[in-house]
Amino acid sequence: MGTMLHQTSLSMGISASELRKHRDRYDRACKRLLSEKEVLGWILHECLDEFKEVSPSEIATAYIDGDPEVGATPVHADDAALVTGLGTEDSPLDEGTIWYDIRFRALVPGTGQSVGMIVNVEAQGDFYPGNPLLKRATYYCGRMISSQYGRVFTHAHYEKLQKVCSIWICPNPPMNYRNTITRISMTKQVLVGNAILDPAEYDLIEIVLACPDGDRQEKGDGLLRLLGTLIASERGADERKAIISDEFGIAMSERLSDEVVEMSNVSKGLEEMWYHQGVERGFEDGERTGLAAGRTQERERLQELAGRLVEHGRSEELSRALLDERLLEELLVEFGLDGQG
């Protein structure tokens, strides 16, 4: 039989609006941290081939063009006057608005000219938002390509078209994605003959998924260690700061220090809310048979699952699973709590 969620009177004390406020704080803190140029330098260095031979600090100072835009500046794609502008929103007359978390232009090293690419970085806390992340990332790239008309080039000057990259940072991915960086790009496949093509003319879209494993990332794990420390850690602010400055050479400015403290505080508060919300939720039989033993067993399974997820730094998945029966069943199977083993 199917199961239905039953929220107890205690769990009602953690309202949806309260949880949403904490999540909004977390999202804002993520964006501010990821938009720091020194952090973006590490992201570009380890995710994109164009920046492999340049140090993260040099990328931050010499190759990130201007200040990254963070989720607030509207740019209308139909406004042909904005030939050189970049913003975080595309809003053509006949389509809905799309907001980019972070968007900026980066200069490509070694080209001998100011060849640029447009980079979008997304902090994606919910790995299952109701739509496939890769298709969403592909759409974002498509929009960054098409929106260049009237801003980067006009008429038929497609030679000015710039490469676009959409990089998705997922601080709470499912187990099979943890400790991974995956890149999807445009490549050639010559079916007949030996045609020679210039990559600069077709390698125009890249998508990256970076999925840290929180505090399980060890020293030497590079970008995943940095991302885990920044946005997926249970460590206190002082320990986070030490890792960021000592291991990655990122100067701890007053602003960055404040952002790390804010992230540490909001992460702790949000994790406690997810845990208590989950533990205080029980289950009823789908047919509401009222069998106390069945309810007790389901509650015990949920409490065990909550503890396992907190132990693995995956508290957020519990609150999603309480609203998504398919995800709940997957987690129960993953941790051997489905009663089949």
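The values are calculated or read from the model by the stated rules, or taken from the named source; none is laboratory data. In this text the structure is predicted, and so the values were computed from the model without any measurement. Ideal geometry is used to build each Cβ from the backbone, glycine not excepted, and the neighbour counts take in all protein chains shown.
If I go through region 151-179 residue by residue, how many of them are closer than 19 Å to Lys135 by Cβ, modelled with pLDDT of 90 or more and not hydrophobic (A, V, I, L, M, F, W, C)?
Total meeting the criteria: 2.
Answer yes or no as to whether Gly142 is at pLDDT 90 or above and either in contact with a strand residue (DSSP E or B) (Cβ under 9 Å, 6 or more places away or on another chain) or in a strand (DSSP E or B) (or both).
On the way: at pLDDT 90 or above: yes; either in contact with a strand residue (DSSP E or B) (Cβ under 9 Å, 6 or more places away or on another chain) or in a strand (DSSP E or B) (or both): yes.
The answer is yes for Gly142.
Collect the residues in region 113-136 that are part of a strand (DSSP E or B) and at pLDDT 90 or above, keeping them in residue-number order.
First, the residues of region 113-136 that are part of a strand (DSSP E or B): 116-123.
Passing the criteria: Met117, Ile118, Val119, Asn120, Val121, Glu122, Ala123.
Which numbered condition trips up Gln189, out of (1) loosely packed, with under 10 Cβ neighbours inside 10 Å; (2) outside any loop (DSSP other than H, G, I, E, B)?
Here Gln189 meets the rest and fails (2).
Would you point out which residue out of Lys241, Lys219 is in a helix (DSSP H, G or I) and farther than 18 Å from Ala123 by Cβ? Break it down into steps so the answer makes sense when it comes.
On the way: Lys219 fails: in a helix (DSSP H, G or I).
Result: Lys241 is the single residue among Lys241, Lys219 that is in a helix (DSSP H, G or I) and farther than 18 Å from Ala123 by Cβ.
Which of the residues that make up region 150-179 are without any contact (Cβ under 8 Å) to a residue 40 or more places away in the chain and not hydrophobic (A, V, I, L, M, F, W, C)? It would help to see each step written out before you state the result.
Here is the first cut: in region 150-179, the ones without any contact (Cβ under 8 Å) to a residue 40 or more places away in the chain are 153, 155-160, 176, 178.
If the condition is that a residue be without any contact (Cβ under 8 Å) to a residue 40 or more places away in the chain and not hydrophobic (A, V, I, L, M, F, W, C), then His155, His157, Tyr158, Glu159, Lys160, Asn176, Arg178 are the ones that fit.
Return the only residue of Ile207, Ile243, Ile196 being in contact (Cβ under 8 Å) with a residue 40 or more places away in the chain, β-branched (Val, Ile, Thr) and at negative phi. Outline the logic, then answer.
Numbers: Ile243 fails: in contact (Cβ under 8 Å) with a residue 40 or more places away in the chain; Ile196 fails: in contact (Cβ under 8 Å) with a residue 40 or more places away in the chain.
Result: Ile207 is the single residue among Ile207, Ile243, Ile196 that is in contact (Cβ under 8 Å) with a residue 40 or more places away in the chain, β-branched (Val, Ile, Thr) and at negative phi.
In region 12-45, which residues are buried (at least 18 other Cβ atoms within 10 Å of the Cβ), out of contact with any Pro (no Cβ under 8 Å at 6 or more places or on another chain) and either modelled with pLDDT under 65 or not basic (Lys, Arg) (or both)?
Ile14, His22, Tyr26, Ala29, Leu33, Leu34, Glu36, Val39, Ile43
Glu95: among the charged types (D, E, K, R) and modelled with pLDDT of 65 or more, yes or no?
Details: among the charged types (D, E, K, R): yes; modelled with pLDDT of 65 or more: no.
Spelling it out, it is not the case that Glu95 is among the charged types (D, E, K, R) and modelled with pLDDT of 65 or more.
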